[in-house]
Amino acid sequence: MKRTFRLSDSRPDARRDVGDEIRFHLDMRAQELIEQGVPAEDAWREARRQFGDVAAIEAECRDVRVERTRERGRREWLRGVVMDLRYALRSLRTSAGFTLAAVLTLGLGIGAAAAVFTVVDGVLLRPLPYADPSRLQMVWLYGSQAQGLGSELPLSSGFYLEARDAVKALTPMAAFRSWPFVLGATGEGTEPEQVAGARAEPALFATLGVRPLLGRTFTAQEAVAGGPPVAVISYALWQRRFGGARDIVGRAVTLSGKRHTIVGVMPRGFAFPRGAELPPGLQFGPRTDIWAPLIFSAADRTNYFTLNMSAVARLAPGVAPGTARAELVAFGVRRLQELRVPAGQLAYTIVGLEEQAARPVRRGLLVLLGAVGFVLLIACTNVSNLLIARTGAREREFAVRAALGAGRFRIVRQLVTENIVLALGGAAVGAAIAVLGARVMLALVPGSLPRADDVGVDARVVAFTLAVAIVAGAAFGLASAVHVARQSVAATLQSAGTRLTEGLRRRFGRRWIVAAEVALSVVLLVGAGLLAGSFARLQRVTPGFDPRGVMAASVLLPVGEQFDFVRDGPGWARFFDQFTARLDALPGVRDAGAVSSLPLSGAVESGGFTIEGRPAPPPGDAPTAEYSVISGDYFGAMGVRVLGGRLFDGRDRSDAPGVVIVNQEFVRRHFRGESAIGHRIRAGFDFSGGAPREIVGVVENVKQTALDAELVPAAYVPESQMPYPFMSIVVRAACPANATECDPLSTLPSVRRELASLDASLALSQVRPLASVLADSIARQRFSMAMLGVFALLALALALVGLYGVIALSVGQRRREIGVRMALGAQPRDVLSLVLGEGMRVTVLGVVAGIGGALALTRVLRSLLYDVSATDPLARSRPLRGRYPFNDAHRCSVA
């Protein structure tokens, strides 16, 4: 009745209160004047005159009153929050067991989510460290899959230079290519070191929008034949080899046997190109530390089919990617027709630099993000169950507070505050787990995770962790508040704890929640099982070589600004022949050899060939084969079996007829039913001018690109007939016949001494056991399997904890009921059957739902599996059908 027929508003109102007060003063003064004999009308007029401008005074007083009211409200709100915090801390401290369980559960969930978000943020979400990176595009040739080419191919110098000059929608454009350098001794106590480098056009740095920290970048006048040799170094190399010396600009250093002047130092973190962000066949290092000018000769302008460089471009102002792609493709169609390249075999294309960097791992990281989301959801569900149970135990407390005058909003605020404090404690634990977890995740994929340098716990990750904690805490508080709001104060006070059992609806609700937890954990377990089965089958794939007891290392010979095989080739061949012969004669070495493309290292080259005596294929339809240049007893050092013919020997000199050894797949595809020995081929990758080469031997198939790649034809040519300056040395230690383990690095000191005796300016790099090369080749698969497996086990553990909690709570609340049942004749086995039946029903329901969800969701894992069906619950192997994808850049040539 009071609310319905209220005649005045009792709520505070500044305008009304100030007006009432001013009218009171005017009335009092007018009354005084009337008592002094002034007429009433004149008294009111005189009172208003003496008071002043009523409207102005009223406005001023109203503003003061409003501000005071707001300030008082803020103080009261802050005082209330402080009181809520103190009470929350006291309440959680008195329930130490509950608090510890909830904080650890939340910490595990939030920490796992934050660790995965740290990697996802660094690789997929964070902008690249360049100016306006969304407008940067990589320029590629697009190869026809029908011709056996990869989808993205490097550019030749001819194709690049013509596109740079003709396509105005992509400007500026800059080419670059891998070019490792041997950095000579830079002071007393230092030794030569092979450093990942690149030769690039001067426009590269302007295209990326990055300025040097010290000095300058090289100019167009320095990027011409005969120009002064200059170099720009990275911040990391400046600190590591030069101690951050401020006088570094202008200092001369020896790079691959030639004196260069350092003209600039790039800012911290700049290392473009980073190898994991580009196709592995381009052979870039994990991060680039030295840049030198890329020089084009007159012959380079007409070289169209030596695909050995990459290009990055920036979209012209106001140009959309689609417009630039259309202009580039139209130019390519016209120019390729002029060059009589078969239609559809090659085309130009562009890919956003951000997309290029993230594409290899996008699907795998999103799968992990979804998996850890399941874990976080299960953790939050468990904590929510705990909180609702705790809130139910505090029903009488809340009823008493409400009866004493506490409003529902006040109680809700208290619950939300308690739960946010609890969630923040979980966030603190989660932050520590995230730091450790991110480091572990990066350690599982050494060198193969794009943008690994950008991954780290920073303000974005902290903000994500706090946001998750606050949202979770608010959600928990509101859930508890809804639970409290449904209770009747009078009924709760009257019951005084005499209720025997919990409400049926509430019990069913909790069981459904736990069933959902079990279902989510089953989905993760199925996914982890599929990845584990796939990884196990991948490990059983025969690579074609024996990595046990073998050491691999890279050796780079000095190369000028341009490759010149006629001038430098004999010296390269002579060096590697001498080096491998010396290594082979060392005590403790069984076999030693060298190869231009070490298997499973990402270094792959290939080209077309024709077989003499057979009809010439149509233009563009020539078969292709991977090729490698070898020296010494390479096959013996790698443990590759010889299936027929002979190996290279002293007869295969540079002036002798050309020879080649092919693999078993080469014979299967092109010499089915006949011997390949004695046949002659003309190889398009041959630097000797295309003279025919006789097949003198056949060796076992070797997995060159990846263990899950399709077998392809391969050819091996001797270093003496096709010199090569970049070689990987492989040395097999002479291990005892009965030895179970053999350290492949035991021969490293002797190898270093032999290299120094031949040329003290050279350095070994990438020294590692061959077994580690094999392990690193499946690092991404191992990473996905390990992470999903950990999350699945964590989810299962949390689900079991939740199931135990629900059953234990149910038994505790039904204690009197169970006592009554036993008093009426129920046996202990009947009670046990009752409890176990309740748990089994929840578990079976969750398992059935989880299997159904797994059949639907694990299809996203299809591209991550090898020899395992995404719908096979037993993860059984299936016959290989079709072609497995392999390195898209496998057609590039570094020549």
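What full-extension length gain, to one decimal in nm, is calculated for Val848 and Ala236 as 0.36 nm per residue of separation minus the Cα-Cα distance?
214.9 nm
Could you give the radius of gyration (one decimal) and Dmax (whole number) of the Cα atoms in the range 208-262, in Å?
Both quantities, over Cα of the range 208-262: 11.8, 32 Å.
If you line up the long axis of helix 565-584 against the longest principal axis of the chain, both from Cα atoms, how many degrees apart are they, to the nearest 10?
Approximately 80 degrees, to the nearest ten.
Just the Kirkwood number for the range 222-298, please: inverse of mean 1/r across all distinct Cα pairs, in Å, one decimal.
This gives a value of 13.6 Å.
What is the packing order of peptides 49-62, 853-866, taking the mean over residues of other C-beta atoms within 10 Å and listing the highest first?
Output ranking for 49-62, 853-866: 853-866, 49-62.
Of the listed peptides 608-615, 307-314, what is their order by residue-averaged count of other C-beta atoms within 10 Å, with the highest listed first?
Taking the mean over residues of other Cβ atoms within 10 Å, the ranking is 307-314, 608-615.
Would you work out which of Asn303, Val457, Leu26 lies farthest towards the positive end of the dipole of the chain? Charges go on Cβ: Lys and Arg +1, Asp and Glu -1.
Leu26
Normalized C-alpha radius of gyration of the chain, against 2.2 N^0.38 Å?
Working it through for the chain, the quotient is 1.31.
For helix 459-485, what angle does its Cα long axis make with the longest principal axis of the chain, in degrees from 0 to 90 and rounded to 10?
40
Calculate the length of the line joining the C-alpha centroid of the range 658-733 to that of the range 227-290, in whole Å.
With the range 658-733 and the range 227-290 each reduced to a Cα centre, they are spaced 35 Å.
Go through the range 536-547 residue by residue and turn each phi into a ³J(HN,Hα) via Karplus (6.51, -1.76, 1.60, θ = phi - 60°); whole Hz please, and just put x for glycine and proline.
4, 5, 5, 5, 8, 5, 7, x, x, 9, 10, x
Highest first, please rank the peptides 326-336, 467-477, 109-119 by the mean number of other Cβ atoms sitting within 10 Å of their residues.
109-119, 467-477, 326-336
Measure out, as a whole number of angstrom, how far apart the alpha-carbon centroids of the range 520-571 and the range 58-130 sit.
Answer, in whole Å: 49.
Where a number appears in this text, it was derived from the coordinates with a stated rule and is not lab data. Nothing here was measured: the structure is a model prediction, and the numbers come from that model. Using ideal geometry, Cβ is built from the backbone for each residue, glycine included, and neighbour counts are taken over all protein chains shown.
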